[in-house]
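As structure tokens, the structure follows; a few thoughts come after it.
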Amino acid sequence: MTQPRGIVPTQLAIGLGVIAISAVLAFGAYRFPPEMGFVILGAHVYPFAVAAFLGAVGLLLSYQAITGGFRELADHTDGTAGVVPDGKAGAAWVTAGLLGVALLINFIGFVLAAALLFACSARGFGSRRPVRDLAIGMALTLPIYWLFNAGLGVSLPPLVNAWI
């Protein structure tokens, strides 16, 4: 039977850092102008939502750090704790996705470019199902597109370009 561990200071610092980022985001959202214009939601709503989410994650991370450390980390005693298999290939896939979005967003539209980024990122993290990843990317991107256009009134590149 193993002894329960105490506070893990580096992990607690990570949790408190996430809480600090949350507080900075919330303060920035608070400073947004209150005028609504022709949009449904004010400009402060989404930053407040992100700040609240980060604050909750930071609290959970801090709680785990205080009560023995992050639960999902494996104990590596063989020196492989910092080794990520296929780390360079994964980074290359994510980088290719980011470059693809930057180069293609005006040609294929916001939704398809963001879905391509999602699929490349999923491949970088080990997925071997590109069609499924593209479908998931589109399913995640469409509500974001509609929320930004209808909810905030932010003009994004077209949903898909006319030539498609």
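The values are calculated or read from the model by the stated rules, or taken from the named source; none is laboratory data. Because the structure is a prediction, the values reported are computed rather than measured. Positions of Cβ are backbone-derived with ideal geometry, glycine not excepted, and every protein chain shown enters the neighbour counts.
Is it true that some residue in segment 113-127 is without any contact (Cβ under 8 Å) to a residue 12 or more places away in the chain, outside the structural domain of VAL45 (by TED's automatic domain parsing) and under 18 Å from PRO157 (Cβ atoms)?
No.
If ALA13 satisfies all but one of (1) among the aliphatic types (A, V, I, L, M); (2) modelled with pLDDT under 90; (3) over 20 Å from the mean Cα position of the chain (by Cα), what's the number of the condition it fails?
(2)
Of ILE136, ILE105, which residue is under 30 Å from HIS44 (Cα atoms), surrounded by fewer than 17 Cβ atoms within 10 Å (Cβ to Cβ) and either among the hydroxyl-bearing types (Ser, Thr, Tyr) or out of contact with any Leu (no Cβ under 7 Å at 6 or more places or on another chain) (or both)?
So the residue among ILE136, ILE105 that is under 30 Å from HIS44 (Cα atoms), surrounded by fewer than 17 Cβ atoms within 10 Å (Cβ to Cβ) and either among the hydroxyl-bearing types (Ser, Thr, Tyr) or out of contact with any Leu (no Cβ under 7 Å at 6 or more places or on another chain) (or both) is ILE136.
Could you say which residue among PHE48, PHE118 is at pLDDT 95 or above, closer than 25 Å to VAL18 by Cα and part of a helix (DSSP H, G or I)?
Sole residue among the options that is at pLDDT 95 or above, closer than 25 Å to VAL18 by Cα and part of a helix (DSSP H, G or I): PHE118.
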